[in-house]
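S.K.: Quick one: this structure, given as structure tokens, is what I'll be asking you about.
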There are 2 protein chains.
Amino acid sequence: MALIVHKYGGTSMGSTDRIKNVAKRVAKWHDAGHQIVVVPSAMSGETNRLIGLAKEIMDQPDPRELDMIASTGEQVSVGLLSMALLAIGKQAVSYAGWQVAIKTDSAFTKARIQSIDDEKVKRDLDAGKIVIITGFQGVDEHDNIATLGRGGSDTSAVAIAAAMKASECLIFTDVDGVYTTDPRVVSEARRLKTITFEEMLELASLGSKVLQTRSVEFAGNYRVPTRVLSSLTDPMLPLEIEANSGTLISFEEDTNMEQAVISGIAFNRDEAKITVLGVPDRPGVAYHILGPVADANIEVDMIIQNQSVDGKTDFTFTVSRGEYTRALAVLEANRESLGAASITGDAKVSKLSVVGVGMRSHVGVASQMFRTLSEEGINIMMISTSEIKISVLIDEKYMELAVRALHKAFELEKA
Amino acid sequence: MALIVHKYGGTSMGSTDRIKNVAKRVAKWHDAGHQIVVVPSAMSGETNRLIGLAKEIMDQPDPRELDMIASTGEQVSVGLLSMALLAIGKQAVSYAGWQVAIKTDSAFTKARIQSIDDEKVKRDLDAGKIVIITGFQGVDEHDNIATLGRGGSDTSAVAIAAAMKASECLIFTDVDGVYTTDPRVVSEARRLKTITFEEMLELASLGSKVLQTRSVEFAGNYRVPTRVLSSLTDPMLPLEIEANSGTLISFEEDTNMEQAVISGIAFNRDEAKITVLGVPDRPGVAYHILGPVADANIEVDMIIQNQSVDGKTDFTFTVSRGEYTRALAVLEANRESLGAASITGDAKVSKLSVVGVGMRSHVGVASQMFRTLSEEGINIMMISTSEIKISVLIDEKYMELAVRALHKAFELEKA
């Protein structure tokens, strides 16, 4: 008997019929003798509906009040799922985050979990009940409801699994695992049976939508074995098949050994590049350029500063495409005080990254990547690297070609 | 400066535009120097939508889980109204019942308020904030959410007004007050400027939908001056006009003096009558007939036992029309053990009541009522009386005729 946390996304909870299917799946795991905690998302579309109502009232909704409203979607879900379990003869009980209690800081709409009091949940599990807990939310020290931001239910599930020392956290979603790259771009893309949490962290932060970045951080920090698997399969599929499906995020050095040098290729079309030309190369130049951008609450991703020539340098960085115009305006307003010659930009760029823990011990990954892109005639605009990742910025029109060429060059279609 | 509680119904909160109107009205009262607590209902249709989802999962939804779900409608409303106030430059904060806290018993879906801790609310009011609190709900001693049943937001508003010793509780609704009878039946029906809480209690329990019965009980027990008025008028109407509109539920003996003998005529089409014929007249007969009916959770309204003849008696009672078939079946199953000759019934009956504190000191109200009905050729099937009410059961086809005749006979159209 093990304690296992299940998390179901909005699509899995999208209708009362689907909720009944979730209940069947949960009951099957419980029948096998496991203790089960379930963290469901709001029914698909519900969070958007609630935020839409808020925006009809206020263009920039007050964060505390928005959390009051947005958190109700999950509350409805836990009640419905608990009923669906009761209806098939299971004992079940639902809790909102504050009832558990899941304590967060007061950063409304992007709160962080600080602690989880699992006493009530343990008592219910020991009494044979299935416990359903709202994802996405908790309460701060003043009993205000605070949500964790989009995709926060993943984080809730992993955090609950960590607090309760669960054997595994199963993230049931509408994809059947993590792929070497997006199968819509490369038809040969292959599902990974395991991935290290560091690789998953890079992939999540690079825009792969399978898991929220923070949930992967949690899984890593607390070493919670986390599996991404599909909720769209037959809920009465044998338990052994289901328990070994999807992609397991692992922490075992052993599993790394079997892995290829590169695990996957991520890409992000939501990029724009801005260059400040001919700025005097004196100490503090990066701060003077990026300070006003940060003050405007614009997040910066890749950053490059060129070798200075004649005491002048060029400075380039990327922002998300939606912030492009605003970032340009901020810099233009500061151009004179920066002493910059001019400011240019390009919103038609994409970022492409190869990720793999194997590259730690294999030289030549970067050169293989650059050669492949060169052979396809694709120019690299910017490069940034981490220990297990190489990212390049390229013209967006070459993005799909580049992904396919690299997928083939690194033989990712082979197990 | 006074502390005033506003309550807004589902129609008043029915869209984001209407919520903005509610905010304007609340702000106007606040601008006049009052401290304001607002208790809004869920947006119209929302509670039904939530209960509908629950019923798709479970024919008889689990009460605790149903409350978890149904309570979210009001939580969305308080967040939206708080934002609408913030958007027009007011300070505002919303609370769910558990955050205040409003403590209830554990009778899910029909809980009763036990206590209200108003410390947090007082602090906010003193800081100049408008406080918005969810109606319809509280928490039990184990932190489970419990709702007060349909119309429960009226009760929440009056209970909060009582706990905070508010000067007045204003129930804004889609009618502009309490009428001598339903204006759809009698066009001469007149709005009452005041009504005693005892009369209001009788009217509410007789099926007048203006206020939930329990809210009137609360208003009476704690002597909360409560006014029913319209939210559909111009929200910027001068405060003095609004503050004197609608119908005030009063507790002053003085105001009774001005009142007519009869204040209003209520009627209820949702009635059915059942007669147990030829049952042996021995001690406990009422208990033996009504015990099984109560065990089946069927509520009984009027009850008559005839004078016994030859040791046999007839026993008649009424139930709501939806329970008619089930109540007949319960009795038929017990007919032999009751020793009853037969069981008959009639589902096409209506109850009609005249209500007025004036009848305490005026004889002849009953005879006036019976004469009027007799002159119209309307047969009376059952009669029941209280100190300030006379109810009769008649054939439903005469109901509107009877209401019009009595309205005229008691001169209710005259102020």
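S.K.: Between A:Ala329 and A:Arg150, what FRET efficiency follows from the Cβ-Cβ distance if R0 is 25 Å, with the result rounded to 0.05? Don't skip to the answer; put the middle values down first.
M.R.: On the way: r = 26 Å, r/R0 = 1.05.
Given R0 = 25 Å and the Cβ-Cβ separation, E is 0.40.
S.K.: Using Stokes-Einstein with the Kirkwood hydrodynamic radius over Cα pairs, what translational diffusion coefficient do you get for the protein assembly as shown at 25 °C and a viscosity of 0.890 mPa s, in µm²/s rounded to a whole number? Don't jump to the answer; show the numbers that get you there.
M.R.: Working: Rh = 31.3 Å.
Estimated via Stokes-Einstein, D reaches 78 µm²/s.
S.K.: Any idea of the accessible area per residue across chain A, 1.4 Å probe, to the nearest Å²? Display every interim value, and only then the final one.
M.R.: Working: 17560 Å² over 415 residues.
So chain A comes to 42 Å² accessible per residue, rounded to a whole number.
S.K.: If the reach is capped at under 16 angstrom between alpha carbons, list the lysines near A:Lys90, excluding any in the same chain fewer than eight residues apart.
M.R.: Answer for A:Lys90, where 16 Å is the Cα cut-off: A:Lys20, A:Lys24, A:Lys28, A:Lys129, listed by chain and number.
S.K.: Taking accessible area as the heavy-atom solvent-accessible surface of the protein chains with a 1.4 Å probe, which residues of region A:1-19 lose no less than 20 Å² upon going from the isolated chain to the full protein assembly?
M.R.: The answer is A:Thr16 - residues whose exposure falls by at least 20 Å² when every protein chain is included.
S.K.: Near the axis that takes chain B to chain A, which B residue has its beta carbon closest, and at how many Å?
M.R.: For the rotation taking chain B to chain A, the closest Cβ gives B:Thr72, 2.
S.K.: If one computes P(r) from the Cα atoms of region A:3-256, what percent of pairs lie at distances over 27 Å?
M.R.: Numbers: 10506 of 32131 pairs.
So the pairs more than 27 Å apart make up 33 percent of the total in region A:3-256.
S.K.: Over the whole of A:381-394, what's the average partner chain Cβ count within 10 Å per residue? Rounded to a whole number, please. Write out the running numbers ahead of the final one.
M.R.: Details: counts 0, 0, 0, 0, 0, 0, 0, 0, 0, 0, 0, 0, 0, 0.
That works out to 0 on average.
S.K.: On to the next question. Taking the label point 7 Å from Cα in the Cβ direction, how far apart in nm is B:Asp310 from each other copy of itself, listed shortest first?
M.R.: Copy-to-copy label distances at B:Asp310, shortest first: 12.8 nm.
S.K.: Using a 1.4 angstrom probe on heavy atoms only, work out the carbon and sulfur share of the accessible area of region B:3-256 in %.
M.R.: Numbers: 4450 of 9290 Å².
Taking all protein chains in place, region B:3-256 shows 48 percent carbon and sulfur surface.
S.K.: Shielding by partners for A:53-60, please: the mean number of other protein chain Cβ atoms within 10 Å of each residue's Cβ. Don't jump to the answer; show the numbers that get you there.
M.R.: Working: counts 9, 5, 2, 8, 14, 7, 1, 2.
Averaged over the peptide's residues, the number is 6.
S.K.: Answer with one residue from B:Val330, B:Val285, B:Ile303: the one whose Cα lies farthest towards the positive end of the charge dipole of region B:274-415, charges on Cβ with Lys, Arg +1 and Asp, Glu -1.
M.R.: B:Ile303
S.K.: If you don't mind, another one. Report, as an integer, the average count of C-beta atoms from other chains found within 10 Å of each Cβ along A:81-89.
M.R.: Values: counts 2, 7, 14, 4, 3, 6, 6, 0, 0.
Mean shielding by partner chains, rounded to a whole number: 5.
S.K.: Please sort B:191-197, A:400-406 by packing, taking for each peptide the average over its residues of neighbouring beta carbons within 10 angstrom, highest first. It would help to have the intermediate numbers written out before the result.
M.R.: Working: B:191-197: 21.0, A:400-406: 19.4.
In decreasing order of mean packing, B:191-197, A:400-406 become B:191-197, A:400-406.
S.K.: May I have the extent of the alpha carbons of region B:345-403 along their three principal axes, as whole Å values ordered from largest to smallest?
M.R.: Projected onto its principal axes, the Cα set of region B:345-403 covers 35, 22, 16 Å.
S.K.: Run the Debye formula on the Cα coordinates of region B:143-270, all scatterers equal and no solvent, and tell me log10 I(q)/I(0) at q = 0.12, 0.14 1/Å.
M.R.: -0.46, -0.62
S.K.: Related question: Considering every pair of different Cα atoms, what Kirkwood radius, in Å, is found for region A:1-133?
M.R.: 15.6 Å
S.K.: Rounded to a whole number, what % of the accessible area of region B:264-409 do carbon and sulfur atoms account for, probe 1.4 Å? Walk me through the intermediate numbers first.
M.R.: Numbers: 3430 of 7140 Å².
In region B:264-409, the share of accessible area belonging to carbon and sulfur is 48 percent.
S.K.: Still on this structure, I have one more. Of A:Thr247, A:Ala146, A:Met13, which is farthest along the charge dipole of chain A in the positive direction, counting Lys and Arg as +1 and Asp and Glu as -1 at C-beta?
M.R.: Of the candidates, A:Met13 comes out farthest on the positive side.
S.K.: Taking only the alpha carbons of region B:7-79, what extent do you get along each of the three principal axes, in Å, biggest first?
M.R.: 49, 22, 15
S.K.: Can you report the principal axis dimensions of region B:272-350 using only the alpha carbons, biggest first, rounded to whole angstrom?
M.R.: Reported extents, whole Å, longest axis first: 34, 24, 17.
S.K.: Take the alpha-carbon centre of region B:160-198, take the same for region B:359-415, and report the distance between them in whole Å.
M.R.: 22 Å
S.K.: Can you work out the Karplus-derived ³J(HN,Hα) for every residue in region B:374-387? Use 6.51 cos²θ - 1.76 cosθ + 1.60 with θ = phi - 60°, whole Hz, and x for glycine or proline.
M.R.: 5, 4, 8, x, 9, 7, 9, 8, 9, 10, 9, 9, 10, 4
S.K.: Chains B and A: how much accessible area gets covered up at their contact, both sides added, probe 1.4 Å, in Å² to the nearest hundred? Spell out each step's value before the answer.
M.R.: On the way: alone 19290 and 19300 Å², together 35100 Å².
Roughly 3500 Å² of accessible surface disappears when B and A pair.
S.K.: Also: Before rounding to the nearest 500, sum -39500 (n - 2.57) across all DSSP H runs of length at least 4 in the protein assembly as shown and divide by the residue total; then give [θ] at 222 nm in deg cm²/dmol. Can you show the working numbers first?
M.R.: Numbers: 30 runs with 306 residues, N = 830.
When only DSSP H runs of four or more count, the value is -11000 deg cm²/dmol.
S.K.: Further question on the same structure: Dipole of chain B, Cα-centred, from +1 at each Lys and Arg C-beta and -1 at each Asp and Glu C-beta, to the nearest 20 debye?
M.R.: Details: 43 positive and 55 negative charges, 144 e Å.
Value, rounded to 20: 700 debye.
S.K.: Okay, next question. Among A:92-105, A:291-304, how do they line up by average Cβ neighbours within 10 Å per residue, starting with the highest? Walk me through the intermediate numbers first.
M.R.: Values: A:92-105: 23.7, A:291-304: 14.6.
Descending packing order for the listed peptides: A:92-105, A:291-304.
S.K.: In whole Å, what three semi-axes, largest first, describe the equivalent ellipsoid of region A:264-409 built from its Cα gyration tensor (square root of 5 times each eigenvalue)? Let's see the in-between values first.
M.R.: Working: eigenvalues 177, 54, 38 Å².
The equivalent ellipsoid of region A:264-409 has semi-axes of 30, 16, 14 Å.
S.K.: With a Förster radius of 51 Å, plug the Cβ-Cβ distance of A:Gln91 and A:Gln60 into 1/(1 + (r/R0)^6) and report the FRET value to the nearest 0.05.
M.R.: On the way: r = 44 Å, r/R0 = 0.86.
Once the sixth-power term is evaluated, E becomes 0.70.
The values are calculated or read from the model by the stated rules, or taken from the named source; none is laboratory data. No experiment lies behind these values; they were computed from the predicted model shown. So basically every Cβ, Gly included, is an ideal-geometry build from the backbone, and we count neighbours across all protein chains shown. Just the protein is used for accessible areas: all its heavy atoms, side chains included, with ligands, DNA and RNA removed. Shrake-Rupley method; radii C 1.70, N 1.55, O 1.52, S 1.80 Å.
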